Amino acid sequence: MKAGLEVHQQLATGKLFCACPSELSDDVTLSFVRRLRRASGEGLAIDPAVEYQASRGFSYRYEAGPSNCLVEMDEEPPHPVNPTALDTALQVALLLHARPVDEIEVMRKIVVDGSNTSGFQRTALVAVDGRLDVAGKRYSILSVCLEEDAARKSGGSDAEVIYRLDRLGIPLIEIATGPEITSGAEARAVAEEIGAIVRSTRRVRRGLGTIREDLNVSIEGGHRTEIKGVQELRLIEQYVEGEAARQSVLLGIRDELRRRNAPPVGTVATEVTDGFADVTSGPLAAASRKGPVLALRLRGFADLLRSPPGTDERLGRELAEQARSIGLRGILHSDELPGYGVDAAHVEAVARRLGLEREDAFVLVTDGSRERAERAIARVAERADRAREGIPGETRDPLPDGRTRFSRPLPGRERMYPETDVPPISVERARLERLAESLPESTAARRARLVREYGLSEEIVRQLAAADALDPFETLASYGRSPGAVARLLVQEVPGVALPPGIVEFEPSVDALDALLAAAEAGRFAKEGIPNMLSAFAGGAKDLEAALTVSGLGGMSREELEGLVEKVVRENARMIAARGGAAFSPLMGDVMRAVRGRRDGGEVAKLLREAIARSNPAA
Amino acid sequence: MSGADRSDAWVALRSLPMGEHVEVSDGERTWTGTIVPHHELSGDRILQLKLESGYNIGIRIEPGFTFRTLAESNAPPVRGAPVPGGTVPRSATGSVVLLTTGGTIASRVDYETGGVRPVKEESEVLAFYPELEASGAVRIVPVFDRLSEDIAPEDWPTIAQHVVTAYRDGAAGVVIAHGTDTLGFTAAALSFLLADLPGPVVLVGAQRSPDRPSSDGASNLRAAVAVARDPRIGEVVVVMHAGPSDDRFAIHRGTWVRKMHSSRRDAFHSQNGPPLGYVVDGRVELGAGVRPPAAGPPRLDGPMDARGGLLWFYPGLTADRAETFSKGMRGIVLAGTGLGHVGSWHLTWIRSATARGMIVAMTTQCLEGNADPYVYATGRELLRAGVLYLGDLLPETAYVKLLWALGHSADPKRVEELLRADRVGEFRDRHDAGGPP
């Protein structure tokens, strides 16, 4: 397996081509509708990705608000490139030992899925030929680009997609690695390292969705597939390994199709609507169906549409994705029939109508619009035909469950042409020298220093870096908090906090964490209570006292603890008499449950041993 | 083949043709790409290359660089491939005739200027707008290929003559694709130059060039063609976006319309009130007062006399400068402040100019509302000095009407009469309380 990454990190520098803030906003003050047309690049050839998107015939609604001006509405030409954003991209290039180009030219990359009001994304190549060392292995950095982020989808229907314009124009640094990654774990480690380097500029946006990865994966004999827009770093391994598995299954299907001499897939569908007049349930039920049923014969595809044993990948799903991509619910195919309200007699009848032979399969499609059903058949046929060659080059969307789904064909090169509204930018030596002098400490050097200065293990420092917690770590340690306690807090306790219902995000301030650790050190509550205290803060507790009350950790005095211990010993006097010192363990459990972290475990154990000894001096 | 030049690769590289595939090296790093034209704002000794990835970059070619040309290019072609040849000439009868004059609506990206340039070929227009004939035949007649800032008063009768010819040849309607910068002037000029129109004359433009997926050119053109087919209209109108959306278009009377924004799609506004109507989802919706078609035949009501001017008053405008400006002119339109005023130091030269028979007309630089001489003393003085107040005419419309009136008579009295009289509904006698939409 070979994989390469493209890491996209949003910058907090203000937008790339206008004076709007690079902030998201849920306020909508204006909405408008646009239709994007096909447009060619410099040549008149139409890019396959553009052709595909345009053929979907969507219209787009855009919602604008306080983070927008006429530039994002495509009602005003772009302003010159934001100089701070460009400085940041150049700094990242220098940190990656890449070579900046002498003159940067902003390009238009045609994207007509509606995510850019202009119909293109503005992007510029800033530097090339960098390198990155991770865990003793060297990876090439092919390019560092600076580009504008797209609008984000906020809703839609079959006929219209709705986009929010707040995200459009936020600067993105795009870093592309060479295809030297050979496993999912490596992909994740490289992504983490690049993320740490970009964050070290301290000009990045934080939070979910502010860093996104595109994963380019291929296996021997396969084809490059791009999994676009992965937001969850922890799922990278799953996506990469899953894609390799998918390609392997598809290559197996190709080999079988070749063995069977499967001919090219025809695109002519047969209407079989009347054959399903008596179906009463499922997607073809006559009562709920609003349009014709079309059947497509797939010669040589029998048994190849379902999952091969031991895998979860199937060609049937890939065909269905094509139909769904133009708004259909899905398809039915002969490998899953009878079923879905269709019985064996129906299957038999379709097979007769299509002149099916033993190794043939078929696909059924229905939709309220005959035209759309026909387009779906055309797409399904094209995708099935590609199965004879192997793996189509495509862009896939990552799903939250770690799987991916067809998005569109891979774009070609045709879709770039110069953004003539923005003059080229000369990268002067003086600018590079100034930036080189003010480079942040490299992440590798910083990690080595933390190990040295604070006596932490390399693994803990790596985890701090991966959790984007090096800054708060150094701040809290400089406040005099114990490095070990701080590291545990940032690596385990904060990320693992149990969020109260309805709360999705928790980003405690450094000051709040400092107060928490100080209180624990002072014995206000036991360190075992930290997770409960964090939950209380996540739930909105305003200060330490409020958190102590909410978590029930406040208010257990030494006297109360002593009373509790005495009570437990008294109630279990017979067991203590019988078992002596061995009674300690079960009783300690009882007491700790009642204490609920309000007192230190060591203190409780000491008091309990003393009380047992008093109750049974022989113990 | 090798083009290595040890002394200075730049000299040789800059003479290579565009589209040449080259490999350039500084001894450490090698760049491979296709030479694209030098951007006019690009730096010295910068070679612009299109890389395999599709990105263009600039490389500073220092002495000591080496290069070689490569036989074959894998990069996309720099120039557009030739488009299919022109349309077969067809009869105008029943067709909408599209006159193209240039402008953004028929422009494409130009590498050499770094901006956009007008297209010249009919086939190029069709390549941009393949859906143009969805609702019926459209015959394309190229008139000019100019950006609209290069269209001058002597061009207006030429365009008008093409309209007359199109209607005489049986056209159902006429659409004129025009650059937006001076589209309002041309619309006003055609309003006065064309008499007895048997159908609509629809000017249309684009604020975004057609090589962009988001261009407003196609949707504006479609709306314009719909208006051109409407049998209820017999006047010169402008059809452009009514707002930021691609589904609503305003129909403006040619004498009321002004470009009020440098870049928005809905830059064109009808001053002093609502437009004549809208195109919504392809349907033409007209308000009251649209001029109906005449029985025809249409005729060119020329000529124009370009010896007129338009002067915007500002506080530092001296009498000398204004007088110098108006030398050799038969008439001048002032865009005065507020209700139509200029500094009282201008009274002297105005008095002597009008005494010589020069027309001095007043409009308001507020652009909305009447120029009215009776409210303030300055206005009354200007009126006594012979200034002709032109009500709510836009300064541009007044200027165009002045040239037209000057072309129709040598007698200042007659010119004044022509200016005063409502010719094509250019004056609005009633200003809606609601104001413009």
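Annotations
- Residue match in segment B:416-436 (condition: closer than 16 Å to residue B:309 by Cβ, modelled with pLDDT of 95 or more, surrounded by 23 or more Cβ atoms within 10 Å (Cβ to Cβ) and outside the structural domain of residue B:258 (by TED's automatic domain parsing)): no
- Single residue of segment A:143-177 satisfying the filter (within 13 Å of chain B (Cβ to nearest Cβ) and of a type in the set (A, V, I, L, M)) that is nearest to residue A:367 (Cα to Cα): A:159
- The lone exception for residue A:215 - which of (1) in contact with a helix residue (DSSP H, G or I) (Cβ under 8 Å, 6 or more places away or on another chain); (2) over 30 Å from residue A:254 (Cα atoms); (3) touching a residue at least 40 places away in the same chain (Cβ under 8 Å); (4) crowded, with 23+ Cβ neighbours inside 10 Å it fails: (2)
- Of the helices (runs of 4 or more DSSP H) lying entirely inside segment A:435-489, those containing at least 3 residues that are modelled with pLDDT under 90 and in contact with a helix residue (DSSP H, G or I) (Cβ under 7 Å, 6 or more places away or on another chain) span A:443-454, A:458-466.
- When segment B:247-273 is filtered for residues that are within 11 Å of chain A (Cβ to nearest Cβ), surrounded by fewer than 24 Cβ atoms within 10 Å (Cβ to Cβ) and assigned to a loop (DSSP other than H, G, I, E, B), the ones remaining, listed by number, are B:247, B:261, B:262, B:263, B:264, B:266, B:267.
- Put simply, of B:349, B:345 the only residue that is farther than 29 Å from residue B:194 by Cα, surrounded by fewer than 24 Cβ atoms within 10 Å (Cβ to Cβ) and touching an Asp or Glu at 6+ places or on another chain (Cβ under 6 Å) is B:349.
- The set of residues from segment A:606-619 being modelled with pLDDT under 90, surrounded by fewer than 16 Cβ atoms within 10 Å (Cβ to Cβ) and either within 51 Å of the chain's Cα centre (by Cα) or polar (S, T, N, Q) (or both) is empty.
- The listed residue being within 36 Å of the chain's Cα centre (by Cα) and surrounded by 15 or more Cβ atoms within 10 Å (Cβ to Cβ), out of A:251, A:294: A:251
- Enumeration of residues in segment A:119-142 that are farther than 18 Å from residue A:423 by Cα, facing chain B (nearest Cβ under 9 Å) and surrounded by 22 or more Cβ atoms within 10 Å (Cβ to Cβ): A:119, A:128
- Failed criterion for residue A:109 (all others in (1) touching a Ser or Thr at 6+ places or on another chain (Cβ under 9 Å); (2) under 20 Å from residue A:213 (Cβ atoms); (3) more than 8 Å from every other protein chain (Cβ to nearest Cβ); (4) among the charged types (D, E, K, R) hold): (3)
Residues are listed down the side, and each one gets a yes or a no for (1) surrounded by fewer than 21 Cβ atoms within 10 Å (Cβ to Cβ); (2) without any contact (Cβ under 8 Å) to a residue 12 or more places away in the chain; (3) part of a strand (DSSP E or B):
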site	(1), (2), (3)
B:203	no, no, yes
B:221	no, no, no
B:237	no, no, yes
B:244	no, no, no
B:275	no, no, no
B:291	yes, no, no
B:295	yes, no, no
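- Residue A:388 being away from chain B (no Cβ under 14 Å), surrounded by fewer than 21 Cβ atoms within 10 Å (Cβ to Cβ), touching a residue at least 24 places away in the same chain (Cβ under 8 Å) and not hydroxyl-bearing (Ser, Thr, Tyr): yes
- Spans of strands (runs of 3 or more DSSP E) in segment A:149-200 with at least 1 residues over 18 Å from the mean Cα position of the chain (by Cα) and among the acidic types (Asp, Glu): A:160-164
- Taking the criterion of being in contact with a His (Cβ under 7 Å, 6 or more places away or on another chain) and buried (at least 18 other Cβ atoms within 10 Å of the Cβ), the residues of segment B:353-381 that qualify are B:378, B:379.
- Restricting segment A:90-106 to residues that are more than 10 Å from chain B (Cβ to nearest Cβ) and either hydroxyl-bearing (Ser, Thr, Tyr) or touching an Asp or Glu at 6+ places or on another chain (Cβ under 9 Å) (or both), the residue that is surrounded by the fewest Cβ atoms within 10 Å (Cβ to Cβ) is A:97.
- Among residues of segment A:367-398, those that are of a type outside the set (Lys, Arg) and more than 33 Å from the chain's Cα centre (by Cα), counted: 4
The values are calculated or read from the model by the stated rules, or taken from the named source; none is laboratory data. Here the structure is a predicted model, which is why all the values come from computation and not from measurement. Glycine also receives a Cβ, built like all others from the backbone with ideal geometry; neighbour counts cover every protein chain displayed.
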